[in-house]
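All of the numbers you see were taken from the coordinates with simple rules; none came from a lab. Note that the structure is predicted; figures quoted are calculated from it, not measured. Here Cβ is always computed from backbone atoms with ideal geometry, including for glycine, and neighbour counts include all displayed protein chains.
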């Protein structure tokens, strides 16, 4: 009887520990940096690309305003390829004269806030 009771207590301790870890991880993830940020969507025509391809400028649709962004390896796709998303790598379709739509989140680092591109869709 004592052996059965000890095994049940051990099982419940494992289950309870798992639940505490699950709930704690969930709340930690929700409150961490970047949590709860949804990307703003901007569309426009690429007007310049940096020599190394890690930055670009685009004229935003309907405003005539130019916005500049850094560009790194992000998920990207052509709007005509609905079943193909390129993971990683710098989007090859970001070129002068091309129409693109980008997802941008605002990131603050050492007191400076800037837009960070998190995905690209090319027309």
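Out of the stretch 92-112, which residues are more than 13 Å from the chain's Cα centre (by Cα) and either closer than 13 Å to residue 53 by Cβ or surrounded by 12 or more Cβ atoms within 10 Å (Cβ to Cβ) (or both)? Before you say what the answer is, go through the steps one by one.
Pass one, the stretch 92-112, residues more than 13 Å from the chain's Cα centre (by Cα): 92-101, 108-112.
Residues satisfying the conditions are 92, 93, 94, 95, 96, 98, 99, 100, 101.
The rows are residues; the columns are (1) under 21 Å from the mean Cα position of the chain (by Cα); (2) loosely packed, with under 14 Cβ neighbours inside 10 Å.
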{"site": "45", "(1), (2)": "no, no"}
{"site": "49", "(1), (2)": "no, no"}
{"site": "65", "(1), (2)": "no, yes"}
{"site": "69", "(1), (2)": "yes, no"}
{"site": "90", "(1), (2)": "yes, no"}
{"site": "114", "(1), (2)": "yes, yes"}
{"site": "118", "(1), (2)": "yes, no"}
